[in-house]
1. Residues to consider are R169, R142; find the one that is at pLDDT 95 or above and either more than 21 Å from the chain's Cα centre (by Cα) or surrounded by fewer than 19 Cβ atoms within 10 Å (Cβ to Cβ) (or both).
2. Kindly indicate which of A160, A189, A114, A174 is touching a Leu at 6+ places or on another chain (Cβ under 9 Å) and modelled with pLDDT of 90 or more.
3. For segment 2-45, how many residues are under 22 Å from V75 (Cβ atoms), of a type outside the set (D, E, K, R) and either in a helix (DSSP H, G or I) or in contact with a Lys or Arg (Cβ under 8 Å, 6 or more places away or on another chain) (or both)?
4. Give me the pairs: first residue in segment 192-203 and surrounded by 19 or more Cβ atoms within 10 Å (Cβ to Cβ), second residue among the charged types (D, E, K, R) and part of a strand (DSSP E or B), beta-carbon distance under 6 Å, and six or more apart or on different chains, which are they?
5. Exactly one condition in (1) open to solvent by 30 Å² or more (accessible area, probe 1.4 Å); (2) of a type in the set (V, I, T); (3) at pLDDT 85 or above is not met by T215; state its number.
6. Against the conditions (1) open to solvent by 30 Å² or more (accessible area, probe 1.4 Å); (2) modelled with pLDDT under 90, where does R45 fall short? Just the number, please.
7. Which residues, counting only those in segment 53-82, are open to solvent by 50 Å² or more (accessible area, probe 1.4 Å), modelled with pLDDT under 60 and within 17 Å of G206 (Cα to Cα)?
8. Taking segment 1-33, which residues are of a type outside the set (S, T, Y) and in contact with a Leu (Cβ under 6 Å, 6 or more places away or on another chain)?
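The values are calculated or read from the model by the stated rules, or taken from the named source; none is laboratory data. In this text, all values refer to a predicted model and were calculated from it rather than measured experimentally. Quick reminder, even Gly has a Cβ in these numbers, built from the backbone with ideal geometry, and neighbours come from all protein chains shown. Ligands, DNA and RNA are excluded from the accessible area calculation, which covers all protein heavy atoms including side chains. Shrake-Rupley method; radii C 1.70, N 1.55, O 1.52, S 1.80 Å.
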Amino acid sequence: DHDALLTQGLDDTTDAREQLDTMGIPYTLRLVAGNPAAAILAHARDRGIAEIVMGAEGAGGVICALLGSVATDVVEKAGIPVTLVKSSSRTGQFPAGWVDWLVACDGSPPSLRALHHALQRSRSTSGTSCIHLLHVRVPDPRLPPPAQEATPLARHREQAVRDCAEALRLLDEAKADYRFHVDIGDPVARILEVAEDAGCGHIAMGTRGLGWTRTLIPGSISGGVLRRS
């Protein structure tokens with residue numbers, strides 16, 4: 001019913017519209033009845049949208065339970081960047097000075113797209129921000145722990161430089177302020193630790209990787225980071 005849709009849509013978007021009006025930001029409001037993910041994707045496609053931003057609530061370990069079917073469908077099917085923002089009730093407060101970006105990179109095309117996105121976003125924000133490029137080496141499960149620990153960090157770094165050669169080239173070409181980090185262990189834990197230690201307010205990741213995700217459940221790294229960040 002058109003009147004019911006209009007009434008409910010205006011009521012649901014009251015706070016959002018008030019924020020936009022207060023900040024003087026022009027906007028359009030579209031009210032649609034139907035499958036939310038399909039409507040979001042159709043609108044983005046029809047209007048030539050550059051990026052989709054959605055809230056995300058995390059409550060469980062499975063990505064569908066974590067994001068809900070709407071966000072999961074949008075992330076999986078969108079051909080453009082999708083930013084998922086945790087609510088303040090789950091993320092808590094972090095310093096306003098945390099403007100740096102952490103980009104998790106394994107050298108795969110999705111991780112390079114994440115880097116492109118971070119470069120564009122960091123340039124568009126006021127002030128200066130640094131990009132922290134992180135490559136995590138996952139221990140080989142076929143080797144016993146002593147053999148893994150015996151591998152020098154320098155050798156891991158040499159391989160990381162080879163895997164991330166294109167990403168490093170892009171950063172040098174863009175004359176970006178960046179730091180290159182190489183770590184070993186659980187990717188989710190290392191990503192979160194480096195982000196906190198470096199004071200990063202943003203984490204950019206590809207949804208699929210070809211390097212350190214080979215031995216893990218697909219989506220577990222990005223899902224784990226979103227759940228625990």
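1. On inspection, the qualifying residue turns out to be R169.
2. A174
3. Qualifying residue count, segment 2-45: 10.
4. Listed pairs, sorted by first residue: C200/D100.
5. (3)
6. Only one criterion is unmet by R45, namely (2).
7. Residue satisfying the conditions is I63 alone.
8. If the condition is that a residue be of a type outside the set (S, T, Y) and in contact with a Leu (Cβ under 6 Å, 6 or more places away or on another chain), then L5, G9, L31, A33 are the ones that fit.
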